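Q: One structure follows; several queries about it will come next.
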Amino acid sequence: MSNNSLILIIVTTALVNNVVLSQFLGICSFLGVSKQIKTSASLGGAVIFVMAISSAVANLLYNFILEPLHLEYLETIVFILVIAALVQMVEMFLKKTSPAIYQALGIFLPLITTNCAVLGVAIQNVQNEYTFAESVTAGVGTAVGYTIAIVLLAGIRERIDESSIPAPFRGAPVVLLSAALMAIAFMGFGSLSL
C-alpha cells in the first residue's frame, strides 16, 4: 500500500464517488441541516469524527472478531452499535463544550446514528477488503466529501434566501434543483486520475 493509493482513495471517496451526490446516502441530514454554513460545517465535523473512528473500529471488529469466529452475518448490527456509541460521545461532548452548536444541530445530531452514509462506508470498506489504513482513509475521505457537499449546499441556500425566486420554485424545489446541479458538477471529477 503506497501513499498514492491512499490519496487515490481520498480523492475517489470525497469527490468522484461523493456519498451524497453520487451514492445518495445521507440525504436526510444533507437537506435538513444545510440551511446555514456554520451549522453545516459543525455537522460535517461531527460526521468526519464519527465516520473516521467507526471505520477504524469496524475494520478491527470485522477482521479480528467477526471473521475469525465466522460471525460475518452480524456485521450490520455490530457496526450500528459502534456508530451509535460514537454519536453518543459526540453528542455529550458538544452539549458540554458548545451548547449553541448542539442546539443548532438539534435532532440531526443523534440522527448521525441512522445516517446510512456512516453505515454504508463501514460496509463498503469490508466489501472492498480494505486494510486498516485504507478503511480509515476511506472513512475520512467520504466524510470530507459529505462535509464539502453540505457546506456548498448551505452556501447556495444562504444565497437563495436573499434572491427572489418564482413562487413555484420556493422551498424544497429550488433546494432539490440546486443539489441536482451540484451532483452534475461533481460528475466532472470522474475524469480525475492519479
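Just so you know, all these numbers are worked out from the coordinates, no wet-lab data involved. This structure is a prediction, so every number in the text was calculated from the model and none was measured.
Q: Provide the per-residue ³J(HN,Hα) series for region 151-167, in order, calculated from phi with Karplus coefficients 6.51, -1.76, 1.60 and θ = phi - 60°, each as a whole number of Hz, with x at glycine and proline positions.
A: Ordered by residue, 3J(HN,Hα) equals 5, 4, 5, 4, x, 5, 5, 5, 5, 4, 4, 8, 9, 8, 10, x, 3 Hz.
Q: Just tell me which aspartates and glutamates come within less than 14 Å, Cα to Cα, of Lys38; anything on the same chain fewer than 8 places away is out.
A: The qualifying aspartates and glutamates are Glu158.
Q: Now for a different question. Using square roots of five times the C-alpha gyration tensor eigenvalues, list the equivalent-ellipsoid semi-axes of region 106-162 in whole Å, biggest first. Write down the numbers at each step before the final one.
A: Numbers: eigenvalues 157, 39, 11 Å².
For region 106-162, the ellipsoid semi-axes come out as 28, 14, 8 Å.
Q: Something else: Kindly provide the helix-only [θ] at 222 nm of the chain, computed as the sum of -39,500 (n - 2.57) over DSSP H runs of four or more divided by all residues, to the nearest 500 deg cm²/dmol?
A: -22000 deg cm²/dmol
Q: Among (i) 16.7; (ii) 17.3; (iii) 17.8, find the value of Kirkwood radius over Cα pairs in Å that was calculated from the structure presented, and write down its label.
A: Comparing each candidate, only (ii) matches the computed number.
Q: Mind listing the phi-derived Karplus ³J(HN,Hα) values for region 103-116, rounded to whole Hz, using 6.51, -1.76 and 1.60 with θ = phi - 60°, and x for any glycine or proline?
A: Result, ordered by residue: 5, 5, 6, x, 5, 6, 5, x, 6, 4, 4, 9, 5, 5 Hz.
Q: Turning to a different aspect of this structure: If you split all Cα-Cα distances of region 91-194 into 10 Å bins from zero, what percentages do you get per bin, shortest first?
A: 12, 29, 36, 20, 4, 0
Q: Explain nothing, just compute: Karplus ³J(HN,Hα) = 6.51 cos²θ - 1.76 cosθ + 1.60, θ = phi - 60°, for every residue of region 72-79 in order, whole Hz, x for Gly and Pro.
A: The phi angles translate into 4, 5, 8, 4, 5, 5, 5, 5 Hz.
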